[in-house]
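The values are calculated or read from the model by the stated rules, or taken from the named source; none is laboratory data. Nothing here was measured: the structure is a model prediction, and the numbers come from that model. Here the Cβ is made from the backbone with ideal geometry for all residues, glycine too, and neighbour counts use every protein chain on show. Side chains included, ligands, DNA and RNA excluded: accessible areas come from the protein's heavy atoms. Shrake-Rupley method; radii C 1.70, N 1.55, O 1.52, S 1.80 Å.
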Amino acid sequence: MRSSRLGIVVLTALAPAIWGTTYLVTTELLPPGGPLLAALLRALPAGLLLLAVTRRLPQGIWWWRALVLGALNIGVFLALLFVAAYRLPGGVAATVGAVQPLLAAGLSAALLGDRLTRRTALAGVAGIAGVSLLVLRADARLDALGVGAALGGALVMATGVVLAKRWTSPAPLLATTGWQLVGGGLLLLPVALLVEGPPPADLTAQNLLGYAYLSFVGAAVAYALWFRGIRALPPTAVSFLGLLSPLVATVLGLLVAGERLNGLQALGGVVVIAALIAAQTHKKTPPLAAVPGAASPPPAPRSARATDPGTAPTATGHGSRQQGVHPCA
């Protein structure tokens, strides 16, 4: 069971790792400007592709649920993300966005009944500190609108993660992913056309390659892995994996752009990894008899006690959710 959960965590972690390449792809392959166009071309073509492959549309309440989840996880989130990116230095935007795991933990406690532990809270604070050491610069400037957009992006993404866990779709994973990408893309379409106008007519093959990567790898593949992780893992654990994005972006800057890593950045990377590991490991729920104040279980038959004196009842039910074990895992 542990090896199965580890495999799901690793596959889910690939999604934010892929998203960590977005900055490099944007600066190296895409035309300057047009962030909303990039968000639109990232979401809508990928969603239409998944709809064409799965040939399944939402049914009943899933028409509006898919639109809400698409807005939270993709449409509104990407719009706020690009507003923050344009009005704040990247380090400030990433540091403010690192509050998302704590928001997800609070929403999970409110909407799903999950317990907010001290371990999770400390890991969340450590994650914010690690990201700030990794990417924040001393001369970073603050902008009220940019900070608000970054906080809003973290909040809507955390809400989307928790609601995607609460609203488990009966449809296959790829179909649900396609619904959300199309919903988010359709919300971005009028905004992108109104703010930035139609796409430029002089796109190069390099530009098209960058858009294709962001759409099919950065959206279709990454979001499918992300939503699969949400189905199988606690939403708080999934949110912590998002801290990998600034870490991967920093590593790519070292390898490709020739940037240098100082001691504080190295320390920040270590802290981020430690927070990720702490958030993915959970203590097992103790046996019912060991919980203070819990009712004692009924005595076992004499024959059972004689044949197996070490047998003890164990807690079931909600405790398995605290360990992040999905019923279908």
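Results, tabulated for the structure shown:
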read-out: Potential lengthening between Arg119 and Leu261 on full extension [0.36 nm per residue; Cα-Cα distance subtracted]; value: 48.2 nm
read-out: Model label zone, Leu254; criterion: amide N under 20 Å from point 7 Å along Cα-to-beta-carbon; scope the range 22-39; value: 22-25
read-out: For the range 29-122, accessible area per residue (1.4 Å probe, heavy atoms of protein chains only), Å²; value: 47 Å²
read-out: Overall form of the range 1-91 per C-alpha gyration tensor (a/c, 1.5; a/b vs b/c); value: oblate
read-out: Shape of the range 79-141, Cα gyration tensor, a/c cut at 1.5; value: oblate
read-out: Within the range 123-173, trypsin sites (Lys or Arg not before Pro) in DSSP loop having at most 13 other beta-carbon neighbours inside 10 Å; value: Arg137, Arg141
read-out: Separation of the Trp167 and Ile277 label points, Cα + 7 Å toward Cβ, nm; value: 3.7 nm
read-out: Cα gyration tensor shape of the range 11-56, rounded if a/c is under 1.5, else prolate or oblate by comparing a/b with b/c; value: oblate
read-out: Selected from Leu51, Leu29, Trp62, residue furthest toward positive end of dipole (the range 1-89; charges at beta carbon); value: Trp62
read-out: Ordering of 173-184, 150-161 by packing [mean C-beta count within 10 Å, highest first]; value: 173-184, 150-161
read-out: Carbon plus sulfur fraction of accessible area for the range 131-204, probe 1.4 Å, in percent; value: 70 percent
